[in-house]
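The values are calculated or read from the model by the stated rules, or taken from the named source; none is laboratory data. No experiment lies behind these values; they were computed from the predicted model shown. Every residue, glycine as well, gets a Cβ built from its backbone with ideal geometry; the counts of neighbours run over all protein chains shown. Accessible surface areas use protein heavy atoms only, side chains included; no ligands, DNA or RNA. Shrake-Rupley method; radii C 1.70, N 1.55, O 1.52, S 1.80 Å.
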Amino acid sequence: MKIAFVGKGGSGKTTLSSLFIRHLVAAGRPVVAIDADINQHLGPALGLEETEAAALPALGERLSLIKDYLRGANPRIASAATMIKTTPPGEGSRLVRVGEPNPVYDACARPVELDGGAARLMVTGSFTDADLGVACYHSKTGAVELLLNHLVDGPDEYVVVDMTAGSDSFASGMFTRFDMTFLVAEPTRKGVSVYRQYKDYARDFGVTLKVVGNKVQAQDDIDFLRAEAGDDLLVTVGHSDWVRAMEKGRPPRFDLLEEANARALHTMRAAADATHGLRDWARYTRQMVHFHLKNAEAWGNERTGADLAAQVDPDFVLSESVATPA
């Protein structure tokens, strides 16, 4: 299952995504965790020291390797240099699977030990002033989008992405790449503003969206979130001594997480798992193609000097049964 955590800055989405990753690992599930936020905090939230997190290999700096591998023997892609963040897979492309080894994981992922298990952690890398200027930081999150376009996952396999804050992911098609999007919202007007934006986009593209209320202190907070989000409000999370200890660098055993917060994580996993039976791989592939053609016309053709519409394989549908070429 591919799962995104979104929300405004300071909502606690990185903390909640790290708790969810720990929950999955504790249940013995294979997990690929990706930090695609402009503020790279997922590594420390998973227990890494700041120096360890800073030393993680950056996806954005290994984009050529990623493109070379994913291109495979796809005859519609003339060279890796013509691949952009939205390039869809086709016959001959190499696909990435959650539990299988591959050169992309070797170069870009590192195992993070969590209570006897481990998650593969991948990061976009830190953002510089140059990334926030003309080049724009979407050039780095583009590596994540390209990877997700070529990723095949099955039931009980998880890819968890800590997305950039706010609604910036709408600048590309990456927000459509997930089975479940958890929007973390505080019980404030600002807290639910991103929800309203996401809801509008989600409706147009069939994105499954659930709200996780965070920093909830009383029933009035729950009532506020319910009034704003209605049935989209899935669970709420309150104060956590476990999280406070984790933020001090001294996390207790994960099975000591407060019972109410542990139940919330179980509910979130059940909601994500339920989306597997609703998967429509044909629609998923069509959305990939839609955003690729849109980006090709807007800037991709000019930047690469190629007709990127020709990269689309009209007979290819991504699915769990598609084989990966050697």
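Summary of values
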{"quantity": "Space enclosed by the convex hull of the alpha-carbon atoms of segment 177-326, per residue, Å³", "calculated": "208"}
{"quantity": "Heavy-atom accessible area per residue - segment 163-317, 1.4 Å, Å²", "calculated": "51"}
{"quantity": "Sum of -39500 (n - 2.57) over DSSP H runs of 4+, divided by residues of the chain (222 nm, nearest 500)", "calculated": "-11000 deg cm²/dmol"}
{"quantity": "Total formal charge among the other residues, if their Cβ is under 15 angstrom from that of residue 205, Lys/Arg +1 and Asp/Glu -1", "calculated": "+3"}
{"quantity": "Accessible surface of segment 1-119 [probe 1.4 Å, protein heavy atoms]: carbon and sulfur percent", "calculated": "48"}
{"quantity": "q = 0.19, 0.25, 0.28 Å⁻¹: log10 I(q)/I(0) that the Debye formula gives for segment 3-42, counting C-alpha atoms only", "calculated": "-0.54, -0.86, -1.02"}
{"quantity": "Antiparallel %, DSSP beta bridges [both residues in the chain], to 5", "calculated": "15"}
{"quantity": "22 Å Cα-Cα reach of residue 13 towards lysines, excluding residues that sit fewer than 8 places from it in its own chain", "calculated": "2, 140, 190, 199, 210, 215, 248"}
{"quantity": "Paired Rg and Dmax values of segment 153-226, which use every Cα atom, in angstrom", "calculated": "13.4, 39"}
{"quantity": "DSSP-defined beta bridges in segment 5-128 - what % are antiparallel, rounded to 5", "calculated": "50"}
{"quantity": "Choice from 160, 235, 123 showing the highest fluctuation, given a GNM over the chain with Cα pairs closer than 10 Å", "calculated": "235"}
{"quantity": "DSSP loop GluC sites (Glu not before Pro) with at most 15 other Cβ within 10 Å: longest gap in the chain", "calculated": "92-257"}
{"quantity": "Coordinate range along principal axes, alpha carbons of segment 68-131, Å, largest first", "calculated": "45, 36, 16"}
{"quantity": "Calculated SAXS-style log₁₀ I(q)/I(0) at q = 0.11, 0.13 Å⁻¹ - the chain, Debye, Cα scatterers", "calculated": "-0.67, -0.95"}
